[in-house]
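Okay, so here's the structure we're looking at.
The values are calculated or read from the model by the stated rules, or taken from the named source; none is laboratory data. Only a predicted model underlies this, so the values are computations on that prediction, with no experimental measurement involved. Note that each Cβ is placed from the backbone with ideal geometry, even for glycine, and that neighbours are counted across all protein chains shown. Just the protein is used for accessible areas: all its heavy atoms, side chains included, with ligands, DNA and RNA removed. Shrake-Rupley method; radii C 1.70, N 1.55, O 1.52, S 1.80 Å.
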Amino acid sequence: MNNTDNTSRRWINEAGMELTRHGTVSFPLAQYNLMITCESVVWHWHEEFEIGIVTEGSLHVWIGETEKVLNKGEGFFVGSGVLHAMRNSAEAKRCGMRSIVYHPSFLADDKDSAIWQRYVCPLISDPSFQGVLLTRKEEWQSRVLARLEDALRILGEETYGAELLTRNALSEIQLLILEHVSSRPAALKNPLPS
């Protein structure tokens, strides 16, 4: 897959960095509800984490060097700064997908905080972590997908407290991913400093 599509030049720079602002400074998160037909989401990267779920059809996803066709109910988590792309699979005429793209500062904006150091920084600073393809075959991945569905529902309701509840759901997702990624830093296994 390549970035020769003229429309991609409007939202990515020459290095493949996405130029779209996801959310605002005060709420650095955006949700997307996409219907992908014949066009592709070209190779790109962004500082934000991205998590998504297939809602219709099947989606061919590339995260770094990993590639897989995901079916309805399956999803993905893309690490910060990781090249990724997607398109509807050859078998599907169209594919529905919902996603949340959020800046790491949404979970913890103080880089000296324990939250940032223990749960955000490890996924940003680990060069071996590119992302995770999520199926419902493993219990922890089912929990990640359920929390994503919760976050999407909460964001859609736009009720008082939605920001906190969304952050809680994404924090749980981040924790589940950290607990099940083999290169989890030893610092996470140690108790908090007193």
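Would you kindly state how much longer the chain becomes between Arg94 and Ala146 on full extension, computed as 0.36 nm times their sequence separation minus their alpha carbon distance, in nm to one decimal?
Gain on extension, Arg94 to Ala146, equals 16.4 nm.
By how many nm would the segment from Asp112 to Leu83 grow when fully extended, if each residue of separation counts as 0.36 nm and the alpha-carbon distance is taken off? It would help to have the intermediate numbers written out before the result.
Numbers: separation 29, 0.36 × 29 = 10.44 nm, distance 2.73 nm.
Full extension from Asp112 to Leu83 adds 7.7 nm.
For a test of the definition: using alpha carbon positions, the gyration tensor, and the 1.5 limit on a/c, classify segment 1-150 as rounded, prolate or oblate. Intermediate values should be presented prior to the final figure.
Working: a/c = 1.73, a/b = 1.24, b/c = 1.40.
It comes out oblate by the Cα gyration axes.
When you count, for each residue, the other Cβ atoms within 10 Å and take the mean per peptide, how do 48-59, 69-80 rank with the highest first?
Working: 48-59: 22.7, 69-80: 20.5.
For the peptides 48-59, 69-80, the packing ranking is 48-59, 69-80.
Can you give the extra length, in nm with one decimal, that the chain gains between Asp126 and Tyr32 once fully stretched, where that is 0.36 nm per residue apart less the Cα-Cα distance?
Full-extension gain reported as 31.2 nm.
Over segment 127-166, with every protein chain in place, what whole percent of the accessible area is carbon and sulfur at 1.4 Å, could you tell me? The partial results should precede the final answer.
Numbers: 1230 of 2340 Å².
Result for segment 127-166: 52 percent of the exposed heavy-atom area is carbon or sulfur.
How high is the relative contact order of the chain, given as a whole-number percent (alpha carbon pairs under 8 Å, six or more residues apart)? Working shown, then result.
On the way: 347 pairs, mean separation 39.3, N = 194.
Relative contact order, the chain: 20 percent.
In terms of the Cα gyration tensor, with a ≥ b ≥ c the square roots of its eigenvalues, is segment 84-168 rounded because a/c is under 1.5, prolate because a/b exceeds b/c, or oblate?
Oblate is the answer for segment 84-168, as a/c is 1.5 or above yet b/c matches or exceeds a/b.
What distance in nm lies between label points placed 7 Å from Cα along the C-beta direction at Val25 and Glu65?
4.0 nm
In square angstrom, what is the accessible area per residue of segment 1-156 with a 1.4 angstrom probe?
Values: 7770 Å² over 156 residues.
Averaged over the residues of segment 1-156, the accessible area is 50 Å².
Which value in nm describes the separation of the simple spin-label points at Arg153 and Lys137, placed 7 Å from the Cα toward the beta carbon?
Those two pseudo-labels are separated by 2.7 nm.
Once label points are set 7 Å from the Cα along Cα→Cβ at both Trp11 and Glu56, what is their separation, rounded to one decimal in nm?
1.8 nm
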